[in-house]
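Okay, so here's the structure we're looking at.
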Amino acid sequence: MNGFFELFAEYDVLGAFWMNIKLTALAAIGSFILGTILALFRISPVTSFRTIGTAYINIVRNTPLTIIMVLGVLAVWGQLKVEFFGDFDLNFFAYAVIALSLYHASFVCEAIRSGVNTVPLGQVEAARAIGLTFLPAARIVVLPQALRGAITPLGNTLIALTKNTTVAAAASVAEASGLMSTMIEFNPDLMIYIFLTIAIGFCILVIPMGIVTTWLSDKLAVAR
Amino acid sequence: MTLYPHTMTQSTPASEDPPAGTSTEKRPLVELTNVNKHFGSFQALTDIDLTIPEGQVAIVIGPSGSGKSTLCRTINRLETIDDGGSIRIDGEALPEEGKALARLRADVGMVFQSFNLFAHKSILENVTVGPIKVKGLKKAEATKEAMTLLERVGVAQQAKKMPAELSGGQQQRVAIARALAMKPKVMLFDEPTSALDPEMVQEVLDVMVQLAREGMTMVVVTHEMGFARQAGDRVIFMDEGRVLEDTDPETFFTDPQHERAKNFLGKILAH
Ligand SMILES: Nc1ncnc2c1ncn2[C@@H]1O[C@H](COP(=O)(O)OP(=O)(O)OP(=O)(O)O)[C@@H](O)[C@H]1O
Ligand SMILES: [Mg+2]
């Protein structure tokens with residue numbers, strides 16, 4: 001037990017996890033918005049939009065997140081000198097959020113698209129028949145039902161996102177996995193405590209997500 | 001009490017005044033000219049020329065796969081047609097896509113075999129969504145009109161419920177109310193009662209008969225002979241994508257001209 005006290009006294013464990021939470025929350029919003037737009041692209045009646053959507057998914061989903069993160073930091077920041085914030089830490093935090101959003105948007109898109117497949121074609125036809133054009137029909141009729149049908153895969157994407165925030169260490173963001181490396185480096189004797197601290201920390205974040213997902217998916221299911 | 005008070009009072013837009021001498025003639029609301037439809041290499045509709053004047057109730061009848069649904073669906077462009085043909089609604093050609101098409105679609109009400117009520121919206125919302133989002137009505141006004149319509153199709157009590165909580169017959173009556181809420185010039189019905197339990201068929205047909213009496217222009221795909229005789233002005237018999245017979249109901253049911261029509265009638269009357 002003392003091992004834990006020692007760690008919490010010496011390192012800002014909670015602060016590090018707070019960073020993962022902030023990354024998760026912001027990237028969840030970012031990837032949800034982008035993912036929804038991509039899903040609209042993919043179900044659009046316009047061929048070129050569909051092509052763009054498909055290309056994005058195929059490229060981004062198949063690229064390792066670390067590569068996207070490093071590419072952002074080394075190429076966009078390092079070479080192109082794009083700076084979002086003057087503050088060094090805040091700037092890299094922004095890079096991490098963007099990389100996480102871009103990457104997970106492809107999974108959000110596919111989750112929503114699987115939800116779209118649960119919406120019977122007749123719903124769309126009825127929407128068109130009363131005179132709704134593509135976007136209003138998508139917003140009013142298709143997406144609300146698709147999202148309800150996509151809660152489980154969306155929840156899984158959120159869980160993956162939460163764990164993937166650790167990749168932000170590659171962009172020098174002071175989050176939990178980065179702290180773990182530091183702690184192991186300076187307190188190798190506390191190895192087992194360090195591992196348990198980080199592992200339990202993520203469990204505390206992720207387990208409720210799974211529970212809420214299951215509950216929501218039952219509660220919001222569309223009765224047909 | 002009328003189901004649909006707008007029908008009889010609609011007047012031709014000033015720009016399209018009918019030529020003198022034709023004032024007693026009903027204006028054509030739906031005009032199909034040389035309509036062909038291919039699905040890949042399969043031809044679902046062949047050389048369809050049809051004019052449906054205002055106030056007419058046209059019954060479309062024919063064996064499975066003869067193109068009845070496809071015909072209905074082309075009229076509000078849920079299906080496109082092959083080049084060279086044209087479909088006009090109240091004199092206006094169906095636009096290709098976008099806002100103009102949406103506007104014209106709102107003039108054509110459609111009732112589907114499977115109801116297709118918006119599953120995540122209440123009965124009331126199902127009826128108000130079109131007027132609010134497409135016609136820009138205020139919510140209060142749309143609600144008032146919707147309640148009147150729901151009252152008239154006999155489901156006002158269920159306004160707050162979700163579609164899945166209603167019987168099939170009730171859902172289909174809501175679907176009719178939803179279409180009527182857009183104040184369409186013509187209503188299309190694609191086998192509106194064939195997905196219903198037998199005891200619910202009549203309640204839906206009653207609403208349709210009422211609508212027909214009030215002068216609504218209707219295209220109805222149905223095998224309900226009783227309805228066809230009672231409310232129909234015309235029977236269009238389709239076979240293999242063509243219009244084979246086009247006559248009044250009495251003539252069609254008592255004296256069909258084509259062998260295929262006779263066969264078909266024999267089959268459905270045997271039931
Ligand atoms: N989307 C489609 N793709 C390919 N073929 C189609 C499509 N829709 C309809 N068809 C074909 O076109 C023909 C006419 O179909 P349609 O649904 O209009 O027939 P129907 O007269 O309504 O038949 P039913 O009484 O069974 O409803 C059928 O042979 C059908 O297989
Ligand atoms: Mg059909």
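The values are calculated or read from the model by the stated rules, or taken from the named source; none is laboratory data. If you're wondering where the values come from, they're calculated on a predicted model, not measured in any experiment. All Cβ positions, glycine included, derive from the backbone under ideal geometry; neighbour counts span all protein chains shown. We work out accessible area using only protein heavy atoms, side chains counted, and drop any ligands, DNA or RNA first. Shrake-Rupley method; radii C 1.70, N 1.55, O 1.52, S 1.80 Å.
Listed values, structure above:
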| item | result |
| --- | --- |
| Of all residues making up region B:57-99, the number that are within 30 Å of B:Lys267 (Cα to Cα), more than 10 Å from ligand 1 (Cβ to nearest atom) and either more than 18 Å from the chain's Cα centre (by Cα) or open to solvent by 30 Å² or more (accessible area, probe 1.4 Å) (or both) | 0 |
| Qualifying position, being crowded, with 20+ Cβ neighbours inside 10 Å and at the interface with chain B (Cβ under 9 Å from one of its Cβ atoms), among A:Val142, A:Val119 | A:Val119 |
| All positions within region B:246-271 that are surrounded by 19 or more Cβ atoms within 10 Å (Cβ to Cβ), more than 16 Å from ligand 2 (Cβ to nearest atom) and either aromatic (Phe, Trp, Tyr) or at pLDDT 95 or above (or both) | B:Phe252 |
| Of the criteria (1) hydroxyl-bearing (Ser, Thr, Tyr); (2) within 14 Å of another protein chain (Cβ to nearest Cβ); (3) more than 16 Å from ligand 2 (Cβ to nearest atom), which one B:Thr74 fails | (3) |
| Long-range neighbours under 7 Å by Cβ, at least six apart or interchain, first residue away from ligand 2 (no atom under 11 Å from the Cβ) within region B:38-67, second modelled with pLDDT of 95 or more and among the aromatic types (Phe, Trp, Tyr) | B:Ile61/B:Phe237 |
| Residue in region B:103-113 that is within 16 Å of ligand 2 (Cβ to nearest atom), charged (D, E, K, R) and modelled with pLDDT under 95 present | no |
| Conditions (1) closer than 17 Å to B:Ser114 by Cβ; (2) within 16 Å of ligand 2 (Cβ to nearest atom): number failed by B:Glu240 | (1) |
| Residue in region A:188-205 that is surrounded by 11 or more Cβ atoms within 10 Å (Cβ to Cβ) and touching a Lys or Arg at 6+ places or on another chain (Cβ under 6 Å) present | no |
| Any hit, region A:98-115, residues being within 14 Å of chain B (Cβ to nearest Cβ) and surrounded by 21 or more Cβ atoms within 10 Å (Cβ to Cβ) | yes |
| One residue from A:Leu154, A:Leu90 being aliphatic (A, V, I, L, M), over 30 Å from B:Arg105 (Cα atoms) and modelled with pLDDT of 95 or more | A:Leu154 |
| Enumeration of residues in region B:100-126 that are small (Gly, Ala, Ser), open to solvent by less than 40 Å² (accessible area, probe 1.4 Å) and within 9 Å of chain A (Cβ to nearest Cβ) | B:Ala102, B:Ala106, B:Gly109, B:Ala119 |
| Restricting region B:107-154 to residues that are small (Gly, Ala, Ser) and in a loop (DSSP other than H, G, I, E, B), the residue that is nearest to A:Gly131 (Cα to Cα) | B:Gly136 |
